[in-house]
Amino acid sequence: MTISHYGVWACTPTSYEAQTLKQDSKSPHIYLYFTDDSSSSSSNKKLEAAINAKSTDKDSRLVFWLNRNFTHPITETLEKLDLGFHLAQSQSSSSSSSYSERDTHNRGHHSHHHSSRHNHVRRDESTLQGLDFIRTKDLVDLESGQVVPTEQDILDDVDPILTDAINKKATAYIWGSSYGTGIHDIHMNQGSAPSYSNGIYEDGAMLFKFDDGHWEAVFLAFASQKIPTNDQGEYESNSKSLADILGSSE
């Protein structure tokens with residue numbers, strides 16, 4: 001099953017808050033709030049990006065890649081986009097371009113975000129190709145990933161980038177699965193167990209363009225996810241977990 005309503009949200013981040021394990025012991029999140037050019041005409045509900053702080057898998061650790069000087073051809077495409085959500089080109093004939101009840105089930109590694117009609121916040125970009133940690137050339141050096149220790153979460157690592165992006169009014173390009181008033185699955189969306197959604201060219205990420213012209217990037221995955229993957233984004237018999245590849249097995 002591919003990732004529902006996958007695309008990129010061009011927006012301006014305004015603040016963030018992080019859940020504690022007491023608030024959500026199973027799947028805590030960092031919520032990055034943002035605005036776009038449709039926010040004033042929508043309800044007063046905040047637009048949000050739900051960023052996993054841990055996995056719901058047995059190995060709950062995250063893997064991250066941070067780049068404070070990100071350069072890649074994808075930036076030329078992104079900076080031409082208007083603010084708002086843009087649906088990426090489907091890489092699968094089974095992927096639906098319309099919102100359905102399927103979107104509220106079988107999410108990636110979390111499933112408690114509520115769907116809402118997209119209306120004015122959705123824009124179809126038939127030529128916009130999604131991101132793929134494995135297949136998009138020079139996007140991510142997978143072997144340089146860092147595993148977040150079990151006793152920590154990702155906040156300490158991503159806070160400097162999020163805080164700078166908010167304070168300096170950077171433009172954010174958040175890749176993932178839209179649920180109308182927000183976006184989630186902001187992480188690698190392939191190589192998971194068959195009970196989760198998998199797909200190719202449907203990986204999540206956060207890219208930020210600053211006024212001085214430089215870009216910064218945050219890429220996340222789960223330590224339990226395995227690579228390489230097949231054309232459906234599913235791991236193969238010889239695939240290894242990111243934890244094993246990075247020498248950080250539990």
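On a 19 Å Cα-Cα criterion, which of the cross-link pairs Lys54/Lys168; Lys54/Lys209; Lys46/Lys209; Lys54/Lys169; Lys58/Lys226 come out too long?
Where the Cα-Cα span goes over 19 Å, the pairs concerned are Lys54/Lys168; Lys54/Lys209; Lys46/Lys209; Lys54/Lys169.
Could you give the length gained on full extension between Tyr33 and Asp157, defined as 0.36 nm per residue of separation minus the Cα-Cα distance, in nm?
42.8 nm
Report the gain in length on full extension from Lys46 to Ser144: 0.36 nm times residue separation, minus Cα-Cα distance, nm rounded to one decimal.
Result: 31.8 nm gained on full extension.
For the range 207-212, just list the computed ³J(HN,Hα) in residue order, Karplus coefficients 6.51, -1.76 and 1.60, θ = phi - 60°, integers in Hz, with x standing in for Gly and Pro.
10, 10, 9, 9, 4, 7
Run the quick spin-label model on Asp231 and Thr56: label points 7 Å from Cα toward the beta carbon, then report their separation in nm to one decimal.
Going by the 7 Å Cα→Cβ label model, 3.1 nm.
At 0.36 nm per residue, minus the direct Cα-Cα distance, what do Ser15 and Asn69 gain on full extension? Give it in nm, one decimal, please.
Using 0.36 nm per residue and subtracting the Cα-Cα distance, I get 17.2 nm.
Highest mean first, how do 139-148, 68-77, 164-173 rank when packing is the count of other Cβ atoms within 10 Å averaged over residues?
Packing order, densest peptide first, comes out as 164-173, 139-148, 68-77.
Using only alpha carbon positions, build the gyration tensor of the range 138-250, then give the equivalent ellipsoid semi-axes as the square roots of 5 times its eigenvalues, largest first, whole angstrom.
26, 17, 13
For Phe222, what residues show an amide H to amide H distance below 5 Å, using hydrogens built from the backbone and excluding near sequence neighbours?
Val63, Met188
Rule-based calculations on the coordinates, nothing more; no lab input. These numbers were taken from a predicted model, which means no experiment stands behind them. Positions of Cβ are backbone-derived with ideal geometry, glycine not excepted, and every protein chain shown enters the neighbour counts.
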